[in-house]
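Q: The structure follows.
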Amino acid sequence: MSQVLERPRPAQPQVTVPATLEQALDPRWLAGALAVIAAGRAIAQVEQVEVIRTVATKVRFAVTFEDGERLGFCLKGLLDVDAMTARGGPTCVLESDFYNKVAPVIAVRVPDCVATVIDREAQQAVTIMRDLIADGARFCSALDPFTADDALESLRQLSLLHARSDFLDGADWIRPRAAELAKMSYVTPEALQDLLDGPRGDNLSPCVRSAANLAAAIRELAARDGGRPQFMIHGDAHAGNVFRTPEGMGVIDWQLLQRGGWALDVAYHLNAVLPTEVAEVEERRLLGEYLSMMRGHGMDMPSEADAWMQYREGVTYGYYLWSITRRVDPPIIVQFVDRLGKAVMRHDSFGLLGAA
């Protein structure tokens, strides 16, 4: 079993979950949210450093306490969103629960989380972390191409997560998301075909660009995956969710934490972060390296041949995830659908799943 990193659990202050950026940066609210760190000190100043709005808002800010100490933080949550976007609140609760329950018992390098504020009845939450950038880290871009050596290092972080899959015993709150995706509740077949008919599908074969084939493939993948050993997996491990520090890479964005086959994470990760021409050459070697890591952690893994088959099928997960994505910058969507779709073509994933 892999080494466990000693990491303190975040505070869980009993304050209201903010709904707006203005509320989140209010010194009075922050005094309650950061009470453990404030240790009785008043907040003299709050400085907004950067705001990044995707589905969730990430706001970097600095707090100066009355004694002059200045600390940088990053708050993440659904701020200033419409009613439809607010329905994504359970993913914010999931991420907060990751920092409360999982992060303290795994060796994966993650941000230092200082507080989580959760409203379980309303299914909304915000997570407050130390500002990684202020502490010297650099975030990778979703569009940054990884080298094979980069991918090997990030795979090592994923292996540390997967190796603590014993945590899933009794953790019913970590769900099999591939099975939920397969129900197609996020998009209609017609809407999915419209998305694939756009620029994101321009370089893909008619077979792989077919919404009907993709829907059939994700259903079959979910069925097969559910019958295999279940691992604790990240679920959205593209380059934009990786950061670099002098000590090595780390992983952020735990809103799709789930239980599922290891191949869902590994096949998605390698084909999202590596340019297609690099993945074609390096993926089988990198898969072998991952399997060796997992066996080194004491995990029982399939044979090389069985693992390769699961990997080839598993590419479908990442392809489906990005095919249905709408609220991300179009260049990012196009690149990920292109890379993952080409991997589906290269591996005949639909054919393996009986979907084409």
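Q: Any residue at all in the range 145-155 that's modelled with pLDDT of 95 or more, under 25 Å from Ala272 (Cα atoms) and of a type in the set (Ser, Thr, Tyr)?
A: The answer is yes, given that some residue of the range 145-155 is modelled with pLDDT of 95 or more, under 25 Å from Ala272 (Cα atoms) and of a type in the set (Ser, Thr, Tyr).
Q: If we only count strands (runs of 3 or more DSSP E) wholly inside the range 153-261, which ones have 1 or more residues that are closer than 23 Å to Arg285 by Cα, under 18 Å from the mean Cα position of the chain (by Cα) and hydrophobic (A, V, I, L, M, F, W, C)?
A: Here the list reads 231-233, 242-245, 248-251.
Q: One residue is enough: does the range 323-338 have a residue meeting the conditions assigned to a helix (DSSP H, G or I), in the same structural domain as Gln193 (by the TED database), of a type in the set (A, V, I, L, M) and without any contact (Cβ under 8 Å) to a residue 12 or more places away in the chain?
A: No, because not a single residue in the range 323-338 is assigned to a helix (DSSP H, G or I), in the same structural domain as Gln193 (by the TED database), of a type in the set (A, V, I, L, M) and without any contact (Cβ under 8 Å) to a residue 12 or more places away in the chain.
Q: Here is a follow-up. Of the residues that sit in the range 286-304 and are in contact (Cβ under 8 Å) with a residue 24 or more places away in the chain and assigned to a helix (DSSP H, G or I), which one is nearest to His347 (Cα to Cα)?
A: Looking at the filtered set, the residue picked out is Leu287.
Q: Residue by residue through the range 42-92, note down the ones that are open to solvent by less than 20 Å² (accessible area, probe 1.4 Å), touching a Gly at 6+ places or on another chain (Cβ under 7 Å) and closer than 20 Å to Ser141 by Cα.
A: Scanning the range 42-92 gives Ala56, Thr57.
Q: Might you check whether a residue that is over 25 Å from Leu192 (Cα atoms) and hydroxyl-bearing (Ser, Thr, Tyr) occurs anywhere in the range 291-301?
A: Yes, the range 291-301 contains at least one residue that is over 25 Å from Leu192 (Cα atoms) and hydroxyl-bearing (Ser, Thr, Tyr).
Q: Sticking with this structure for a sec: For Glu277, indicate whether it is in contact with an Asp or Glu (Cβ under 9 Å, 6 or more places away or on another chain) and either free of Cβ contacts under 8 Å to residues at least 60 places away in the same chain or assigned to a helix (DSSP H, G or I) (or both).
A: When the stated conditions are applied, Glu277 does not pass them.
Q: Whether any residue in the range 167-175 is surrounded by 14 or more Cβ atoms within 10 Å (Cβ to Cβ), of a type in the set (Phe, Trp, Tyr), in contact with a strand residue (DSSP E or B) (Cβ under 8 Å, 6 or more places away or on another chain) and not assigned by the TED database to the domain that holds Val102 is what I want to check.
A: Yes, the range 167-175 contains a residue that is surrounded by 14 or more Cβ atoms within 10 Å (Cβ to Cβ), of a type in the set (Phe, Trp, Tyr), in contact with a strand residue (DSSP E or B) (Cβ under 8 Å, 6 or more places away or on another chain) and not assigned by the TED database to the domain that holds Val102.
Q: May I ask you to say which residue of Ala356, Ala272, Ala307 is open to solvent by less than 30 Å² (accessible area, probe 1.4 Å), closer than 22 Å to Leu221 by Cα and either in contact with a Lys or Arg (Cβ under 9 Å, 6 or more places away or on another chain) or not in a helix (DSSP H, G or I) (or both)?
A: Unique residue meeting the criteria: Ala272.
Q: May I ask you to say which residue of Ala272, Ala267 is of a type in the set (Gly, Ala, Ser) and either under 14 Å from Tyr290 (Cβ atoms) or not assigned by the TED database to the domain that holds Ala151 (or both)?
A: Step by step, each of Ala272, Ala267 is checked, and only Ala267 is of a type in the set (Gly, Ala, Ser) and either under 14 Å from Tyr290 (Cβ atoms) or not assigned by the TED database to the domain that holds Ala151 (or both).
Q: Let me ask something else about it. Among the numbered conditions (1) open to solvent by less than 30 Å² (accessible area, probe 1.4 Å); (2) over 22 Å from Pro90 (Cβ atoms), tell me where Asp202 comes up short.
A: In the conditions (1) open to solvent by less than 30 Å² (accessible area, probe 1.4 Å); (2) over 22 Å from Pro90 (Cβ atoms), Asp202 misses (1) alone.
Q: Going by what's in this entry, would Ser165 be described as polar (S, T, N, Q) and under 20 Å from Gly227 (Cα atoms)?
A: yes
Q: On to the next question. If you go through the range 124-144 one residue at a time, how many are touching a helix residue (DSSP H, G or I) at 6+ places or on another chain (Cβ under 9 Å) and surrounded by 16 or more Cβ atoms within 10 Å (Cβ to Cβ)?
A: Selection size over the range 124-144: 9.
The values are calculated or read from the model by the stated rules, or taken from the named source; none is laboratory data. Because the structure is predicted, anything quoted here is derived from the model rather than measured. All Cβ positions, glycine included, derive from the backbone under ideal geometry; neighbour counts span all protein chains shown. The accessibility values were calculated without ligands, DNA or RNA, using every heavy atom of the protein model including side chains. Shrake-Rupley method; radii C 1.70, N 1.55, O 1.52, S 1.80 Å.
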